1. Give the range 70-105 a look and list any residue that's more than 18 Å from the chain's Cα centre (by Cα) and in a loop (DSSP other than H, G, I, E, B), or say none.
2. Identify the single condition in (1) at pLDDT below 90; (2) surrounded by 14 or more Cβ atoms within 10 Å (Cβ to Cβ) that A44 does not satisfy, given that it satisfies every other one.
Amino acid sequence: MATFSNYKDVVKHIQGSIVVAVDNLLEDIKDDIKELTPVRTGRAQKGWRYTPKYKAYYTGKVIGNSVPYIIALDRGSSRQNRRGIVQPAILKNINKRKRILRQLTEQPHTSKRCYHKTLKVQ
């Protein structure tokens, strides 16, 4: 458990935790995007790139694919996946995080000092 001597240490710790959480989320989204990408030659699936270490206020591309036909695939042009790629991957991860938060809030507390939780991640 971390101990802090002043509020700046607390803020720095929180910022670091946020960066790690967002980085993990984006990594999961990228993995799901690759999984949802239709495969004929494998080029589109291999074309996904992820810029790690998300920074607050970063406005550049974080997950991208430079394959020229990726937009058509994302719009459902392939018979392998008519639902698209990016939006379903994002929604899957949002729902996964909602389930985790629900588990955290529904578990009974054994004491006021107990912060340890057991998560069932699917």
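1. Passing the criteria: R75, G76, S77, R79, Q80, R82, R83.
2. (1)
The values are calculated or read from the model by the stated rules, or taken from the named source; none is laboratory data. All figures in this text were calculated on a predicted structure; none of them were measured in a lab. Note: ideal-geometry Cβ built from the backbone for every residue, glycine included; neighbour counts use all protein chains shown.
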